[in-house]
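Comments concern the structure below.
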Amino acid sequence: MSKFEVITTDKVAERLGYAKCTIRNTWIDVVLFENVHFIKPRRKYLFLWENIVRDLPYMGQCGTLIPMANGGYARG
């Protein structure tokens, strides 16, 4: 069983060098996906840092990347 570092929006923004509102308003459901990169118990976003780091090289590519069950991505 793997352990994940769960961090808040503040920490993600700090580590990636973006404003908190940019993470919440621009990246959620476009670059960062629920149950892959973050979970949302109640109204607070909690991010899975290892998954963000794993997928970071793919986040800057053009087009929409669709996560696949095998861990890869399909271009949408």
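Values as computed for the structure displayed
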| quantity | calculated |
| --- | --- |
| Net charge over other residues, Cβ less than 10 angstrom from the Cβ of W49 (K, R count +1; D, E count -1) | +1 |
| 3J(HN,Hα) from dihedral phi, the range 41-50, Karplus parametrisation 6.51/-1.76/1.60, rounded to Hz, x for glycine, proline | x, 6, 10, 9, 7, 10, 9, 9, 4, 4 |
| Computed label-point distance, nm, for sites M68 and C21 using a 7 Å Cα→Cβ extension | 3.9 |
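Where a number appears in this text, it was derived from the coordinates with a stated rule and is not lab data. Here the structure is a predicted model, which is why all the values come from computation and not from measurement. Positions of Cβ are generated from backbone atoms using ideal geometry, with glycine treated the same way; all protein chains shown enter the neighbour counts.
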